[in-house]
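Written below as structure tokens is the structure these notes are about.
Here, each number is a calculation from the coordinates, and none is a lab measurement. Quick caveat, the model's predicted, so the values are computed rather than measured. Please note: Cβ atoms are built from the backbone with ideal geometry, for glycine as well, and neighbour counts cover all protein chains shown.
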Amino acid sequence: MARKNKRERNFIVKLLRDNGTMTTGAILEAVNKKYAWGFTPYQMGNVLAKDGRFEKHDEMAAVPSMAIAGQTHNQALWSLR
């Protein structure tokens, strides 16, 4: 495991342990509320994908779009291994 973003990675582990399976957007929102510097969506995807403690589920979650009313988009679901 890389040492970069260690504090944030440990926070994500605690977050998933407490809440179970979460979408990428929900994890991103929680991290960005906790830390002033936060992550971009691309950084969050890389952190989740490259850390062996996180598991990406095959199914996706349909999340309401904020840009267009009535539209949804898919987000990956993540949990701890």
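Within the stretch 31-53, residues that are free of Cβ contacts under 8 Å to residues at least 12 places away in the same chain and part of a loop (DSSP other than H, G, I, E, B) reach partners that are of a type in the set (Val, Ile, Thr) and surrounded by 11 or more Cβ atoms within 10 Å (Cβ to Cβ) with beta carbons closer than 8 Å, at six or more positions or on different chains, in the pairs Gly38/Val31. For the stretch 34-56, state whether one or more residues are more than 18 Å from Ala76 (Cβ to Cβ) and of a type in the set (Gly, Ala, Ser). Yes - at least one qualifying residue is present in the stretch 34-56.
Of all residues in the stretch 4-18 being out of contact with any helix residue (DSSP H, G or I) (no Cβ under 8 Å at 6 or more places or on another chain) and part of a helix (DSSP H, G or I), which is surrounded by the most Cβ atoms within 10 Å (Cβ to Cβ)?
Checking each candidate, the answer is Val13.
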